[in-house]
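The values are calculated or read from the model by the stated rules, or taken from the named source; none is laboratory data. Everything numeric in this text was worked out from a predicted model, so none of it was measured. So basically every Cβ, Gly included, is an ideal-geometry build from the backbone, and we count neighbours across all protein chains shown.
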Amino acid sequence: MRSLLTFFLQRPMVVTISMLALLLIGFQSLVTSRKEGFPEISLNRIVVRTLYPGASARDVESEVTDLIEEELQEVEGIKEILSYSEENISRIEVRGKEELKPEQFRRLYSDVENAIGRIDDLPDGIRGRPAIDDVTTADIPILEIAYSGSPDALTVYLEGLERRLRRIPGVSGIDISGLPDEEIHVLIDAALARKHHVDLRMISKALAQRNITGSGGILYNPDEEQKITISQGLASFEEILNTPILGNTDGFDVRLRDVARVERGREDVRLIVRNNGQNGAILSVRKSGQADLLDTVEKVHRLLESEELPDGVNQSVLVDQSTLTRDRISLLAGNAAMGFVLVLLVLMYFLDRTIALWTAFGIPVTLLGMIVFLKFNDISINLISLAGFIILIGMLVDDAVVIAEQYRSNRESGMEPREAATQSVTRMFLPVLASSATTMIAFAPLFMIGGFPGAFIWTIPLMIIVGLTISLLESFFFLPVHLAHARQRAPRQNRLMPLLERLYRKSLEFFIRHRYRAMGVFLLMLVTSLVALRLSVRKDPFPQDAADTFSISITLPAGTTTMQTQKEMDSLEAILRERVGPDLKGTSIRIGTQIEDSTVDRGAQSNLIVALVYLISYEERDRTAETIMNELHDPLEKMAKKNGMQFALNLKRLGPPMGRAIEIRLLSDDDVSRTAKAREILSFLEGIPGVTHVELDERDGLRETELVLNQGLLNAAGLHNQDILTSLRIALDGTIVSRIRESDMDIRLKLNRKINESGDFIKKIPVINRLGIVVPLERFVTAGEGRSPASITHVNAMRSTTVLGNVDNRIISPTDIMDIVNQKFSRADGVLLEFSGQPVETSLIFAGLSSASVVALIGIYLIIALIFNSYTKPFIILLSLPFMTIGIAFVLISHDVPGSMMVGVAVVGLMGVVVNASIVMVDTILTDTEAATPGELPGKQIVIEGAVSRLRPIVLTTATTVLGVLPTGYGIGGYDPFLSHMSLVLAYGLGFATIIILIIIPLLFMIGTDLRWMLLRRASVVGIILARMRRGSPDNRIHRQDVVKPSVVGRHTTRPPV
């Protein structure tokens, strides 16, 4: 250590060149590092989607979902399987265990893929094979652009724009929702079909067999080999209409034109997108995982600015993730600059100007060193990694301040610059190393937090450890060289510090004289703070003050037509314009679904709506999203009473996926018992204050006409059940029978609209029996009435109903709701009760933080024990830690800050920071005691003088840390609730803790001396009694002069020092 420092002191150019190189590489890394809003994490989820056109929710469940779930039961590594069987589609979400490593998740994905590949009895009617995709945060679109205009104009423009966007480096995918694919519709006239003795199955078969291209093999000639091909593809409407259906050698000929017409149309995806009051589409842009967010979005914006929109087409950007990232980087830069200036001013006031400049210079050096680390380890600059930078801004000079202050003291005592530099490092090496080590140990257990929150914040402790390591190296090797070779100036007298020292000395004398009363007051403050925290501070893992999007899920009466739904949306949009007002950025309403994902391209029922409301940025408005949601409740309630709709407002949360505030699953295959229990819980929750928008995830489906087939008549006609089902599906929803390859358009066969709109369609659908005679469909069926569910949900292959809702955290928390419901409905009459969503995630988060705190305390104790080579001395420091709760309680209550994950991170880290000041003071007192009289107890004067001598570095390190984070805490350079709350806790927690520690540590020393004195005196008395008993002395009385007088450094007395 000394030899390495001596090497640098003798060769200052090495230090200068090294620092310049680090600065240059740091700036280059800052420019080229990948930047994104939130870190990319794998959600360990796999989504399996299967399209089954024309199938009801029950058919999808029994014929698709059940088969896939059964095959997945044998796959290892699955936490749970959720499935949603809806009309036309099966969606299955496979959630892997949270502790799966990336390579284990890839194995799980492969196993799921293989399991589904083994299924060989899926129905013929499904579209292709089940689609399998993994889900990561990289799948979240970086841009969502709303377009409105006519479908034809949008199709031409967006198809060309999509091709141009895909050519931009970094763009991995484009999704267009609300603009169905164009198709060729073959519309059959049922009356003409019956007249010409053809049915729908015959036409479907004829079209499929007509549109064929392929190879027949290779013809081997003596001269050459020739490939024989058939090309009978359909390329035009005329060729489609000329397709023969029936014919014979007598000239009888029925072609498609005799029974149908052909027109261009669009696939009926049962989804309509309305943007800002007009029908349109949403274009979503996704970036590749390694692409830079800011760079990619900038390139996309440049392309959009160069585009010329067609007449009647409007464009607006609703979501731009780069705005969040750019704002956070700007926030860091602004607050870091302000923090740096404040730190520099404090150092320049208390230290020599030159010393202050070189001490503060460690901040940019360390920050750029951290950016170099990020770059070379392919870690992005994002909101969470930036949080580590914010925490460190004030901390970075703590080590340097101690070294610099010791150097100043050495110079004032007459040492030469190099000797003063060397002695300052060697003297303070262990205390400084211990201080940084305890801070690292305090943050390191945050790596233990599991699940998605742990994957979300793991870069915070990493940045703290890396930053402190770089700061240590700079303080031990670079700073002393700069100080020793800087221009030496006469020390400037500081009037404030002597005044503070005199005031501190008098205060210590008073508190030591009344140490037990003072300790009682501090303990009373501690207990009061703990009670206040328990009663007054709410929990919210990720506060949503800056959230800028919320959704309104609406369910109109089942059977509501698309036209009626659109009229209701006119009323909704009017309410939003009036109530949200200037805070409204835009709206996007999807009719046919309640899924909020902008990439969803299919709906289910026209009575289901989700309205996404986008707000301007938080800095530009006075109301939070939650406030606006509360103000919308009454007008929406009036609208609901008028048209019989149900609605729920849901905030689109920032941060990792947490689910809804209330998610209570009821599992049972007995639909009656499950639904009854779900409604009972729903009614109970509606009566709890603070609970809002409670709903069930069950939705009534459309009214059904249930057809019962007459098997005897079917057999007599030579028909099968599948023949009838195929005819029905072609007639009503249509079926894709072929494809025109040149234009990449599907050919869909279905009956014309007239029969679809008529009530007696069963009579008009033609069916050909085995004798070639047209028989009306009604002859084989009997019609009944019923109603189908819109969706059937499974959890681990059991049918489920979920009770969903929101809570007002100021009244009651999600975890309280979970406890109340679990206690009241623990026995659910054969229905299994499970909880998910925010309460479960919140419990896991705070349990992880509690475990991290315990591990941090143990680690801090071991570090201090090794430094002081004592099992007992660390307790003097650790006993002071609980008192930082006073400052934490003050800031949380006075600033109305909820207990969040980032606050928990700050509290865990604060333990290490608070210990730093204690270590320096305790080390000084013990060193001074050992130097005065080895082996003796510290007395009053030693304790007071040791504490006063460390006042300057403690005040400096505390002031620099507090001032370094306060700009972020109060959002002076830009506000972010995550970073602001964390910074406020760090600032006030450290400030209060330091003031208390300056009193508590000396008090604990003196109380410890009192206890040692009492124990030694008692041991002396017992020893005298035993000695006299051994001598057989009849006088067992103890005389004052016989008692051993313990020696106390600073004052020798038979009474405890005062």
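Overview of results
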| read-out | value |
| --- | --- |
| Single residue of SER471, SER409, SER435 found to be in contact with a Leu (Cβ under 7 Å, 6 or more places away or on another chain) and within 19 Å of VAL920 (Cβ to Cβ) | SER471 |
| Residues that are buried (at least 19 other Cβ atoms within 10 Å of the Cβ) and either of a type in the set (Gly, Ala, Ser) or touching a Cys at 6+ places or on another chain (Cβ under 7 Å) (or both), drawn from the stretch 174-203 | SER177, GLY178, ALA190, ALA193 |
| Tally, over the stretch 380-410, of residues that are within 30 Å of GLU36 (Cα to Cα), among the hydrophobic types (A, V, I, L, M, F, W, C) and part of a helix (DSSP H, G or I) | 10 |
| Any strands (runs of 3 or more DSSP E) falling wholly within the stretch 512-618 and containing at least 3 residues that are of a type in the set (Ser, Thr, Tyr) | 549-555 |
| Number of the condition not met by ASP352 [criteria: (1) among the charged types (D, E, K, R); (2) more than 30 Å from GLU501 (Cβ to Cβ); (3) crowded, with 22+ Cβ neighbours inside 10 Å] | (2) |
| Lone qualifier among LEU374, LEU344, LEU368, LEU383 - being surrounded by 20 or more Cβ atoms within 10 Å (Cβ to Cβ) and outside the structural domain of VAL402 (by TED's automatic domain parsing) | LEU344 |
| Some residue of the stretch 627-644 being on the phi < 0 side of the Ramachandran plot, assigned to a strand (DSSP E or B) and either surrounded by 21 or more Cβ atoms within 10 Å (Cβ to Cβ) or at pLDDT 90 or above (or both) | no |
| Residue match in the stretch 552-568 (condition: buried (at least 16 other Cβ atoms within 10 Å of the Cβ), touching a residue at least 24 places away in the same chain (Cβ under 8 Å), under 19 Å from ASN806 (Cβ atoms) and not hydrophobic (A, V, I, L, M, F, W, C)) | yes |
| Number of the condition not met by LEU347 [criteria: (1) closer than 26 Å to VAL908 by Cα; (2) assigned to a helix (DSSP H, G or I); (3) among the hydrophobic types (A, V, I, L, M, F, W, C)] | (1) |
| Test: residue in the stretch 820-830 that is over 30 Å from SER56 (Cα atoms), among the aliphatic types (A, V, I, L, M), in contact with a helix residue (DSSP H, G or I) (Cβ under 8 Å, 6 or more places away or on another chain) and assigned to a helix (DSSP H, G or I) | yes |
| Subset of the stretch 653-696 [in a helix (DSSP H, G or I), hydrophobic (A, V, I, L, M, F, W, C) and out of contact with any Leu (no Cβ under 8 Å at 6 or more places or on another chain)] | VAL672, ALA676, PHE684, LEU685 |
| Some residue of the stretch 446-466 being at pLDDT 80 or above and of a type in the set (Gly, Ala, Ser) | no |
| Qualifying residue in the stretch 113-120 (condition: within 29 Å of the chain's Cα centre (by Cα) and surrounded by 17 or more Cβ atoms within 10 Å (Cβ to Cβ)) | no |
| Residue identified as β-branched (Val, Ile, Thr), out of contact with any strand residue (DSSP E or B) (no Cβ under 7 Å at 6 or more places or on another chain), touching a residue at least 40 places away in the same chain (Cβ under 8 Å) and not assigned by TED's automatic domain parsing to the domain that holds GLN646 among ILE817, ILE811 | ILE811 |
| Of all residues in the stretch 7-18 being in a helix (DSSP H, G or I) and surrounded by fewer than 18 Cβ atoms within 10 Å (Cβ to Cβ), the one that is farthest from the chain's Cα centre (by Cα) | GLN10 |
| Candidate set: the stretch 90-128, residues that are free of Cβ contacts under 8 Å to residues at least 24 places away in the same chain and part of a loop (DSSP other than H, G, I, E, B); chosen: the one nearest to GLY454 (Cα to Cα) | LYS101 |
| Index of the failed condition, ARG58 passing every other in (1) surrounded by 19 or more Cβ atoms within 10 Å (Cβ to Cβ); (2) over 18 Å from ILE371 (Cβ atoms) | (1) |
| From LEU30, LEU23, LEU51, LEU4, residue being out of contact with any helix residue (DSSP H, G or I) (no Cβ under 9 Å at 6 or more places or on another chain), surrounded by fewer than 19 Cβ atoms within 10 Å (Cβ to Cβ) and in contact (Cβ under 8 Å) with a residue 24 or more places away in the chain | LEU51 |
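A quick yes/no check of all residues on (1) at pLDDT 85 or above; (2) under 30 Å from SER617 (Cβ atoms); (3) not small (Gly, Ala, Ser):
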residue: LEU963; (1), (2), (3): no, yes, yes
residue: PRO967; (1), (2), (3): no, yes, yes
residue: PRO977; (1), (2), (3): no, yes, yes
residue: LEU984; (1), (2), (3): yes, yes, yes
residue: GLY991; (1), (2), (3): yes, no, no
residue: ILE996; (1), (2), (3): no, no, yes
